[in-house]
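Read the figures in this text as sums done on the coordinates, not as results from a lab. Keep in mind that what you see is a predicted model, and the values were worked out from it rather than measured. Using ideal geometry, Cβ is built from the backbone for each residue, glycine included, and neighbour counts are taken over all protein chains shown.
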Amino acid sequence: MAAELVLLHGFTQTGRSWQPVLHALAARYRAIAPDLPGHGGFAERRPASFAACDAYVRVLADQPITLAGYSMGGRIALHAALSLGPRVRRLVLVGASPGIADAAERAARAAEDAALADRIEAIGLEAFVREWGAQPLFDGMPRGIAEIAHADRMRNTAAGLAAALRGLGTGVMPPLWDRLGELTVPVELVVGERDEKFRAIAERMTAALVAGRLHVVPGTGHAVHLEAPEAVAEVIAG
């Protein structure tokens, strides 16, 4: 069955993280939410690189699709949309970034990501998942939702997440700020009200896009699709 909607998850998540959004969409789309390289079922079986992800999405997009992505998945979705052209008819980016424009900052971030990948392998999955979930980025996430997020992260492996960070981290992503104007399809940018960093990024992106719209979801943080799946589903449905 051909997909009309493809949803790409964030770093440390799996495709299951989109289930609340899919439930809110009430089967209005033929949708697929795959595990991305380094995560879940593809932890050890698929190279973790933006080129590999482009090829992966190309296989899924045998007809024009709506492509949505959260955080790392948003970076991949943006990269894929520029690569796939007319195969992507609409783009929904949740808490996402086009990368780091400054070369020195990007190199520093790549070094940080490489060091974190080494640490993941050293301390193991469970300890890393606890550290990752305790970041200020996720402050204010309701306890029940945080527990669901933790359980989803535990479906991964330390080796897979380390590989994903080395191949798909912000530091190794080609910066796409100068290419945003190439996107002529509608681009919906979704951010949480509490997510100040990514809200500022989304505002800059909206100004650079031909058909960009910003949606700020009240009372939510970075993981909007988990905290307010109905709001994200509404944006996807248009």
>> Sort 133-141, 227-235 by the packing proxy (mean of other Cβ within 10 Å over each peptide's residues), most packed first.
In response: 227-235, 133-141
> Quick one: net charge of VAL172's neighbours, Cβ under 10 Å, K/R +1, D/E -1?
Replying inline: +2
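What's the local net charge at GLY85, with K and R +1, D and E -1, over the other residues with C-beta under 15 Å away?
+2
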> All other residues with a Cβ under 14 Å from the Cβ of VAL129 taken together, and with Lys, Arg as +1 and Asp, Glu as -1, what is their net charge?
Replying inline: -1
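Just want to confirm a number: the relative contact order over segment 5-237, from Cα pairs under 8 angstrom separated by 6+ residues, in percent.
Values: 473 pairs, mean separation 59.6, N = 233.
RCO, segment 5-237: 26 percent.
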> Counting Lys and Arg as +1 and Asp and Glu as -1, each charge on the Cβ, what is the dipole of segment 93-184 about the Cα centre in debye, to the nearest 20?
Replying inline: 180
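Rounded to two decimals, what is the ratio between the C-alpha radius of gyration of segment 73-183 and 2.2 N^0.38 Å? Kindly include the intermediate steps, with their values, before the conclusion.
On the way: Rg = 15.8 Å, N = 111, 2.2 N^0.38 = 13.2 Å.
Relative to the 2.2 N^0.38 Å estimate, segment 73-183 comes out at 1.20.
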> In debye to the nearest 20, how big a dipole does the chain give about its Cα centre with +1 on each Lys and Arg Cβ and -1 on each Asp and Glu Cβ?
Replying inline: 480
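Quickly rank 92-98, 34-40, 48-54, 10-16 as a protection proxy: mean count of other C-beta atoms within 10 Å, highest first. Write down the numbers at each step before the final one.
Numbers: 92-98: 27.0, 34-40: 24.7, 48-54: 18.1, 10-16: 23.0.
With the highest mean Cβ count within 10 Å placed first, the list reads 92-98, 34-40, 10-16, 48-54.
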> Which residue, chosen from GLY171, THR157, LEU183, occupies the Cα position most advanced towards the positive end of the dipole of segment 145-188, where the dipole is computed from +1 (Lys, Arg) and -1 (Asp, Glu) charges on Cβ about the Cα centre?
Replying inline: THR157
> Given +1 on the Cβ of Lys and Arg, -1 on the Cβ of Asp and Glu, and no further charges, what dipole in debye does segment 128-238 carry about its Cα centre, rounded to the nearest 20?
Replying inline: 340
> Which Cα, out of ALA27, SER71, HIS222, lies furthest along the positive dipole direction of segment 5-237 (beta carbon charges, K/R +1, D/E -1)?
Replying inline: ALA27
>> How are the alpha carbon pair distances in segment 5-237 distributed across 5 Å bins from zero to the largest one, expressed in percent?
In response: 1, 7, 15, 20, 22, 19, 11, 4, 1, 0
